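The structure appears right after this line, and notes come after that.
Read-outs throughout are calculated quantities, based only on the coordinates presented, and are distinct from any laboratory measurement. From a predicted model like this one, the values you see are computed outputs, not experimental measurements. Here the Cβ positions follow ideal geometry from the backbone for every residue, glycine too, while neighbour counts run over all protein chains shown.
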Amino acid sequence: MSWQGYVDTNLVGTGNVTAAAILGLKGGVWASSAGFTITPQEQQAIVSGFDDPSPLQAGGIHAGGKKYFTLSANPRSIYGKQGAGGIILVKTAQAVLVGQYNSPIVPGQATKVVEGLADYLIQSGF
């Protein structure tokens, strides 16, 4: 399956993620849902946030032109909230999965989808 297929089918296609992207740890957007654009600056801040989350904790997570309040950050996952929606960032060996959700989707639904795909990619060596 192509990287775009993972975004379209395994993330957004579940109905539990509103928009999604897969970012390479070495830079670049591997795939993203239509209209969900993550700038190079946003990409760099997200990827760097797994090594040092303090800038994301102080200034929030920026993705797709939106700012999210950082709820938690650890070396595997970073979670953010904005109004009735939020964002889930999960690091694999070679990429970061970005899943954005809006109400009526609840955080647990979106988290299960993004974390589940991350587990699969990690097991597959990605």
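Details
- Its DSSP H runs of at least 4 residues, each contributing -39,500 (n - 2.57), put the calculated 222 nm mean residue ellipticity of the chain at -8000 deg cm²/dmol, to the nearest 500.
- Stretched out straight at 0.36 nm per residue, the stretch from Gln41 to Gln123 would grow longer than its current Cα-Cα span by 26.6 nm.
- Nitroxide proxy distance, nm - points 7 Å out along Cα→Cβ at Gln94 and Phe69: 3.8
- Annotation for Ser48 and Asn102: the two label points, set 7 Å from Cα along the Cα-Cβ direction, are 3.0 nm apart.
- For the range 1-122: Kirkwood Rh in Å [reciprocal of mean 1/r, alpha carbons]: 13.8
- Rounded to the nearest Hz, the phi-derived 3J(HN,Hα) couplings of the range 32-43 under the Karplus curve 6.51 cos²θ - 1.76 cosθ + 1.60 (θ = phi - 60°) are 7, 6, 4, x, 9, 9, 10, 5, x, 5, 5, 4, where x marks glycine and proline.
- Each Lys and Arg Cβ is given +1 and each Asp and Glu Cβ -1; about its Cα centre, the chain then shows a dipole of about 160 debye.
- Furthest towards positive pole of dipole, Pro40, Pro107, Leu25, structure part the chain, Cβ charges: Pro107
- Within-14-Å neighbourhood charge of Leu23 [Cβ basis; K, R +1; D, E -1]: +1
- Taken as Cα centroids, the range 71-93 and the range 1-62 sit 10 Å apart, rounded to the nearest whole angstrom.
- Bridging of Lys66 to aspartates and glutamates at a Cα separation below 19 Å is possible for Glu42, once same-chain residues fewer than 8 apart are set aside.
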